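Colleague: Next up is a structure, given as structure tokens.
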Amino acid sequence: MDFKSILRFLSQIGIVLGLLMIGDLIVAWIYGEPDGPILLFLLLFLLSNLVLFFALRSHPMRLGIRESILSVNLLWIFLGIAGGIPLMLYTPIDPASAFFEAISGFTTTGATVYGEIESLPHLVLFHRSLMHWIGGMGIIVLGVGLLSMINPSGSLSLFRAESTGIQIEKLRPRIRETALSLWGVYLTLTVVDALLLKGLGMGWFDAVNHAFSTLSTGGFSTKNASMGYWADSPAILWVTTLFMMLAGINFLAHLRLVHRDFSGYRSEEFRWYLTVFLVLSVALTLTHETAAFDTLGHAATHSFFTVASVMTTTGFASTDYGLWTHPAIALIFVAMMMGGNAGSTAGGIKIVRYVVIFKTLFSELKRILHPRATISVFIDGRRVHDSVIAAVFGFFLLYIFTNILLTVYLYARGFDSMTALSGALAIVGNIGPGFARVGPAENFGFFTDVDKVILAIGMIIGRLECYTVYLLFSASFWKKF
Amino acid sequence: MNIIIAGAGKVGFNLARTLSHSHSVTVIDRNAEALHRLQETLDILPVHGNIEDPQTYRKLIDDEADLFIAVTNLDEANLISTLIVDDRIRVRRKIIRLRNQFFSRSSVLEKLGVDETVFPLDLSSRGVASLLEYPRANNVKRFPDTELKLFSLRVAQPVEMETLEADGIAVVGIEREKHFEIPEKGMRIEAGDLVYLFGEVEKIRGYCARLEGETPWRIQRCAVFGASDLGITIARTLVENGMEVKILDEDPGLCRQADEALEGEVLAINCKYGTEEVFEEEGLERADMVIAATDNDEYNIIKCLEAREHGVRKVVAINNEMEYYKLMHSLGIVVVRGPKMAAFHRIVETIHSTRVLIERKYCGGAGTVFLRRVMEGGPLIGRQVKMLRQKGIRSLVVRAERLLFEVEEVGTLEEGDLFCVFALSEKADEVERWLNGL
């Protein structure tokens, strides 16, 4: 294991992160909040990373598969610490809560430990949204794009370590160009969303923060009632619904659009994504309407919003949907299991995996009827490689397994079954709110320090799509032979 | 550079691996499995499709490319693809690999607008032929623009580098205990070293003669294992050079084919049942050189070892896979690049060479040599240039076929001078920048 290369990689990402967090400082200046602690922190943080980087400057970067996997795991712990310190400097929270909040930010989960959000300093609110935004497209994607620092094979295995199981898609030969273009699309969509939100009546600060949170499918809000604060203006909710859905689409599809190529939106995954969204939303609208005697428009606004929010693993709430009827909650549960498209900022299982799973299952049925037939699984007209199918099934099992473990843990800790189950799903799926004690109107502040660290690890497992974290527990990972 | 490689076979894969470090590489092939493997290991864009199908090129985002390289196994596919790609996108330079030697003499390529061609079989057989002239050499490399050649030979007794250089022979590489380095001034050459000498042929020949003190050894009788196209081409070259040749293969069909192709001038022997007796029956132990020229490196290695066991002095193996180069080398077998390796190296050299600057690899790619000619009316004439001096880099100037080692000797540059810089391959970029910046 080449630890020097790992350290050099971490220091480089640290520099990028430090530069991005200058945004916090600017917010502090704009709102006249004390800038001393954040200034000192940023100086020390950047300085220590720069020193480390220059010390290792001449060390050749050699990130093989093992190094990449370990780097990515360490990076997430590093992010949790680096993102947590500013929170501790400005609010009276303990280290475990800060770590939880930072990991929740970078993994775009959106589960918070803060009960009273509106009284937090602007700097802290912005810092939370910024963590979402950085984590959404992935800091490694940014790192590879911005700095031509990683050797070609290294960046490939880093990409793979950050999201496993699905093939890397590119528009241009070099991963660096694609990474930069993706960030360009991400930035553009964020700006458009912020402008729209501002135009529809939000303040600048709220608009920027919510745009960050929406495009990264994070879920941190600047208000206690989350998006419910703007429940009176359906236009804001609909725009947010639209942008959450856009963020849940493969960003390469958006990038193709820049080249006037619509093929990205004709993929099977996209069609199923839209179908699932529409079916669940309409069903939720109908159950909601019959139960709560709402107007159709009101029911549709909140139902579409909620399905989009939960399905794309954002976790905004336009109303406390925890109070809805059982059929409605059951539908939301289904949405919680979905996730967005591969290559989007959304977490969860992701639609393409369901497509692979169901197509494989159907092909197995066919195989029973036609034992002599050669049967392959096709997606978008291309045969899915057997190794990909195995990886998808493996991921699905690991994902379920992680959820079961976390549910059992929470249940054993004395929480009710709804809190345990929905909490686990919401954490591993990077959604944020679940039901009961972790519902949309509640927060995660009541958990003990140990719980928070375990939940934070759950978020990282979900964000890194299981394999990357579990690999650390396999003996062959550490063996030299 | 934006590079498109048509064909993801052995040559395509190696090219993609080498070029993707510093260029944007797109690889087109209709074998999805091969592309999948490429994509898993390299930072390239795989495009699935037939290179002869215009639709394939629609999948490319950019409508121009700096370089198009066609390296499939089929001449027809390579030729047609250069036409089609031209129709679809703007390509600045086209390099194709061809088997049929006919094209080297015809005007077809000019009509098609192909800039460079690589004939792998020809390259390999020429590699073997150059061994005939210099029996003691492990390898001989020639360059355009100069008569000086690069020799590699195994030294039997220690010698001072200065003695050689006083004779006008430059020592530009030493391989000692499997480690290649560019020697520094005053280094001693030990017995058993493989040295790379650059200089006039006659001088090096003279040195060789002095070295052993015996009558120069000539190659007269050769045996070639492998009667496929490569074996036949090599046998033909040997016959043209006046050698006595026997060609051997386990496949009777290939033997017949070789017999016909060589018009009975070479004895084609089927060695399917036991090589041991064949060595005796056919007197192969009296051969001056045995060349194992199949496309299977393992088989080639075995045949070479067997031949050496029977007392053959010079054993040559054709190397088809990069991975085996080192093994062959360390077993003391003379290695000649097989068609695929030769094509790969020649294409990389062609890409990196310009009208002014020529690049060649030696010692299995561990060393790189650059040549830059001082052009007529060029800005370098009359200038004094400080030589690039560093560990792992050796620079010289060739003036009127004479080697000049020191700046003082060179003085001001004259028309026709040739800069020669020998460097470890990891320093190649640096040297290239320096030479281009002159």
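Colleague: Scan segment A:197-249 for residues that are over 22 Å from A:HIS127 (Cα atoms) and either aliphatic (A, V, I, L, M) or buried (at least 24 other Cβ atoms within 10 Å of the Cβ) (or both) and jot them down.
Modeller: A:LEU200, A:ALA231, A:ALA235, A:ILE236, A:LEU237, A:VAL239, A:THR241, A:LEU242, A:MET245, A:LEU246, A:GLY248, A:ILE249
Colleague: State the number of residues belonging to segment A:73-94 that are within 22 Å of A:LEU46 (Cβ to Cβ) and either free of Cβ contacts under 8 Å to residues at least 12 places away in the same chain or under 19 Å from the mean Cα position of the chain (by Cα) (or both).
Modeller: Total satisfying the criteria: 12.
Colleague: Does B:GLU175 satisfy the condition of being in contact (Cβ under 8 Å) with a residue 12 or more places away in the chain, outside any helix (DSSP H, G or I), crowded, with 19+ Cβ neighbours inside 10 Å and touching a strand residue (DSSP E or B) at 6+ places or on another chain (Cβ under 9 Å)?
Modeller: So B:GLU175 fits the description; yes.
Colleague: When the residues of segment B:1-54 are filtered to those that are surrounded by fewer than 23 Cβ atoms within 10 Å (Cβ to Cβ) and of a type in the set (Asp, Glu), which remaining residue is farthest from B:ASP86 (Cα to Cα)?
Modeller: B:GLU40
Colleague: Additional query: Among what's in segment A:418-449 and is in contact with a helix residue (DSSP H, G or I) (Cβ under 6 Å, 6 or more places away or on another chain) and among the polar types (S, T, N, Q), pick the residue that is surrounded by the fewest Cβ atoms within 10 Å (Cβ to Cβ).
Modeller: So, considering only residues that are in contact with a helix residue (DSSP H, G or I) (Cβ under 6 Å, 6 or more places away or on another chain) and among the polar types (S, T, N, Q), the one surrounded by the fewest Cβ atoms within 10 Å (Cβ to Cβ) is A:THR419.
Colleague: Which residue is nearest to B:ALA343 (Cα to Cα), if the candidates are limited to segment B:23-45 and must be more than 9 Å from chain A (Cβ to nearest Cβ) and of a type outside the set (A, V, I, L, M)?
Modeller: Per the stated criteria, the residue is B:ASP29.
Colleague: Moving on. Which of the strands (runs of 3 or more DSSP E) found entirely inside segment B:229-335 contain at least 2 residues meeting this: of a type in the set (Val, Ile, Thr) and modelled with pLDDT of 90 or more?
Modeller: B:244-249, B:289-292, B:314-319
Colleague: Here's a check for you: in segment B:362-392, which residue that is assigned to a strand (DSSP E or B) and either crowded, with 20+ Cβ neighbours inside 10 Å or among the acidic types (Asp, Glu) (or both) is nearest to the chain's Cα centre (by Cα)?
Modeller: By that ranking, first place goes to B:TYR362.
Colleague: Residues of segment A:254-307 being closer than 23 Å to A:ILE379 by Cα, within 14 Å of chain B (Cβ to nearest Cβ), assigned to a helix (DSSP H, G or I) and out of contact with any Leu (no Cβ under 8 Å at 6 or more places or on another chain), which ones?
Modeller: Once the filter is applied, which keeps residues that are closer than 23 Å to A:ILE379 by Cα, within 14 Å of chain B (Cβ to nearest Cβ), assigned to a helix (DSSP H, G or I) and out of contact with any Leu (no Cβ under 8 Å at 6 or more places or on another chain), segment A:254-307 yields A:LEU257, A:SER263.
Colleague: Continuing with this model, one more query. Among the residues of segment A:395-415, write down those that are surrounded by 14 or more Cβ atoms within 10 Å (Cβ to Cβ) and part of a loop (DSSP other than H, G, I, E, B).
Modeller: A:ARG413, A:PHE415
Colleague: Would you point out which residue out of B:ALA342, B:ALA400 is under 25 Å from B:LEU123 (Cα atoms) and small (Gly, Ala, Ser)?
Modeller: B:ALA342
Colleague: Under 12 Å from the mean Cα position of the chain (by Cα) and hydroxyl-bearing (Ser, Thr, Tyr): is that true of A:THR312 in this structure?
Modeller: yes
Colleague: Conditions: (1) touching an Asp or Glu at 6+ places or on another chain (Cβ under 8 Å); (2) surrounded by 20 or more Cβ atoms within 10 Å (Cβ to Cβ). A:VAL392 meets all but one. Number of the miss?
Modeller: (1)
Colleague: Take the conditions over 21 Å from B:ARG313 (Cα atoms) and of a type in the set (A, V, I, L, M, F, W, C) and apply them to B:ILE234. Does it pass?
Modeller: No, not satisfied.
Colleague: To continue, here is another question. Restricting attention to segment A:26-48, does a residue exist that is on the phi > 0 side of the Ramachandran plot and assigned to a loop (DSSP other than H, G, I, E, B)?
Modeller: yes
Colleague: Still on this structure, I have one more. Name the one entry in A:VAL355, A:VAL392 that is in contact with a strand residue (DSSP E or B) (Cβ under 8 Å, 6 or more places away or on another chain) and not hydroxyl-bearing (Ser, Thr, Tyr).
Modeller: A:VAL355
Colleague: Just give me the residues in segment B:112-151 being modelled with pLDDT of 85 or more, in a strand (DSSP E or B) and among the hydrophobic types (A, V, I, L, M, F, W, C), in sequence order.
Modeller: B:VAL118, B:LEU148, B:LEU150, B:PHE151, listed by residue number.
Colleague: If you scan segment A:5-49, which residues turn out to be exposed (fewer than 15 other Cβ atoms within 10 Å of the Cβ) and more than 25 Å from A:ASP206 (Cα to Cα)?
Modeller: Matches in segment A:5-49: A:LEU40, A:LEU43, A:LEU44, A:LEU47, A:SER48.
Colleague: Identify, from the list A:ALA456, A:ALA441, A:ALA391, the residue that is assigned to a helix (DSSP H, G or I) and under 19 Å from A:THR109 (Cα atoms).
Modeller: So the residue among A:ALA456, A:ALA441, A:ALA391 that is assigned to a helix (DSSP H, G or I) and under 19 Å from A:THR109 (Cα atoms) is A:ALA456.
Colleague: Collect the residues in segment B:257-273 that are β-branched (Val, Ile, Thr) and closer than 15 Å to B:ILE234 by Cβ, keeping them in residue-number order.
Modeller: If the condition is that a residue be β-branched (Val, Ile, Thr) and closer than 15 Å to B:ILE234 by Cβ, then B:VAL266 is the only one that fits.
Colleague: Scan segment B:7-22 for residues that are of a type in the set (Gly, Ala, Ser) and more than 12 Å from chain A (Cβ to nearest Cβ) and jot them down.
Modeller: B:GLY7, B:ALA8, B:GLY9, B:GLY12
Colleague: Any residue that is within 26 Å of A:THR107 (Cβ to Cβ) and in contact with a Ser or Thr (Cβ under 8 Å, 6 or more places away or on another chain) - is there at least one of those in segment A:255-270?
Modeller: Among the residues of segment A:255-270, at least one is within 26 Å of A:THR107 (Cβ to Cβ) and in contact with a Ser or Thr (Cβ under 8 Å, 6 or more places away or on another chain), which makes the answer yes.
The values are calculated or read from the model by the stated rules, or taken from the named source; none is laboratory data. Predicted model only: the values in this text are computed from it and were never measured. Neighbour counts run over all protein chains shown; Cβ positions are idealised from the backbone, glycine included.
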